[in-house]
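Input: a single structure, listed below in structure tokens.
Every number in this text was worked out from the coordinates using simple rules, so none of it is lab data. Please read these numbers as outputs of a predicted model, since none were measured by experiment. With ideal geometry, Cβ positions are generated from the backbone for all residues, glycine too; neighbour counts draw on all protein chains shown.
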Amino acid sequence: MKTFSMTDTGISREMNQDYFFASDTAVGNLPNLYIVADGMGGHKAGEYASRYTIERIVASVSRNPGDEPVAVLRAAISKANELLIMEAREDESKYGMGTTVVAATIIGNKMIVANVGDSRLYVIGKVMRQITRDHSLVEEMVRMGGMDAEQAREHPDKNIITRAIGASDSVEPDFFEVELEKNDQVLMCSDGLTNMVEDKDIGEIILGQSSLESQVITLINTANRNGGRDNITVIIIRPFSDEVKEC
């Protein structure tokens, strides 16, 4: 396993409300764990929501005696949602806070992915595949045939999400199971990347750079050159490599 991870505030934002966790070693009964969260809310509330949610997910996974990854992740996300709502109710300054979450664990050649919101996970191999589906207003419109993907990219409401941690008393993540092949690479990111860099260009950058560090840095630099209107978080995983590096 080889990974590299980085987060950047971007050009336009004064505060980074993204947060990530990347562990190539076991967390509880999961052999590894990777999470990206993109917070939302008032002054510092989004920053708090993303960090708090990831910390609670990691703590829950660490304590869970189960070994079925979907059940472990579902329980952890549900508990984090419950605790975040309690925090918001107890502190008026945190009212309305929430966060996206995309989480993954890799077991052999199988990857289990959980998603709430519009942070994404891709697999880049012979082709680039978006595994997660955005929980967003414009994505719902695309699915119903109300607009195409290009219109969605430029839509003024593209940042309105329909599902988030902290948004309601219960949350239902989407789960995906992916069979990985030998040369596959996994990209996890917040929408600060995907709103600034088209998928085609993301794929070309990843395939055009030999090192994980250069892949991640080039992606973040490209997002900033294209406007950097949001925080940018990137994790890239090479599941079948035995080198490990993280920043």
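Under the criterion of Cα pairs below 8 Å and six or more residues apart, the relative contact order for the range 50-132 equals 21 percent. Stokes-Einstein, applied to the Kirkwood radius of the range 1-92 over Cα pairs at a viscosity of 0.692 mPa s and 37 °C, places its translational diffusion at 231 µm² s⁻¹.
Here the 3J(HN,Hα) profile of the range 94-110, calculated from phi with Karplus coefficients 6.51, -1.76 and 1.60 at θ = phi - 60°, is 9, 4, x, 6, x, 7, 7, 8, 10, 10, 8, 9, 10, 10, x, 9, 10 Hz, Gly and Pro shown as x. Each residue of the range 63-78 was assigned a 3J(HN,Hα) from its phi angle through the Karplus curve 6.51 cos²θ - 1.76 cosθ + 1.60 (θ = phi - 60°); the sequence is 8, 6, x, x, 10, 9, x, 5, 5, 5, 5, 4, 5, 5, 5, 4 Hz, with glycine and proline shown as x. Other residues with beta-carbon under 9 Å from the beta-carbon of residue 113 carry, at +1 per Lys or Arg and -1 per Asp or Glu, a net charge of -2. Note on residue 214 and residue 14: the model spin-label points, each 7 Å out from Cα along the C-beta direction, lie 3.8 nm apart. Determine the shape class of the range 159-214: with a ≥ b ≥ c the square roots of the Cα gyration tensor eigenvalues, call it rounded for a/c under 1.5, and otherwise prolate if a/b is greater than b/c, oblate otherwise. Oblate, since a/c reaches 1.5 and b/c is not below a/b. Using the Cβ-Cβ distance between residue 75 and residue 43 with R0 set to 35 Å, the FRET efficiency from 1/(1 + (r/R0)^6) comes to roughly 0.65.
Amide H to amide H distances under 5 Å link residue 18 with 39, where only residues 5 or more positions off or on other chains count and H is placed in the peptide plane.
Calculated FRET efficiency, residue 68 to residue 130, Cβ-Cβ distance, R0 = 41 Å: about 0.95 to the nearest 0.05. Sorting the segments 123-129, 225-231 by their residues' average number of neighbouring beta-carbon atoms within 10 angstrom, most packed first, yields 225-231, 123-129. A simple spin-label model places the labels of residue 181 and residue 169 4.7 nm from each other, with each point 7 Å out along Cα-to-Cβ.
From Cα pairs below 8 angstrom and at least 6 apart in sequence, can you work out the relative contact order of the chain, rounded to a whole percent? 29 percent.
Close amide-amide hydrogen proximity is noted between residue 27 and 32, each under 5 Å apart and 5 or more residues distant or on a separate chain (H modeled in the peptide plane; Pro and chain starts excluded). Need the C-alpha centroid separation for the range 208-230 versus the range 24-101, integer Å. Each part's Cα centre sits 27 Å from the other's. If you count Lys pairs in the range 22-143 whose Cα atoms are under 27 Å apart, skipping same-chain pairs closer than 8 places in sequence, the total is 5. Mind grabbing the base-10 log of I(q)/I(0) for the chain at q = 0.16, 0.18 Å⁻¹? Debye formula, identical points on the C-alpha positions, no solvent, two decimal places. One equal scatterer on each Cα of the chain leads to -1.19, -1.51. Set the Förster radius R0 to 51 Å, insert the Cβ-Cβ distance between residue 86 and residue 109 as r into 1/(1 + (r/R0)^6), and round the FRET efficiency to 0.05. That gives a FRET efficiency of 0.85.
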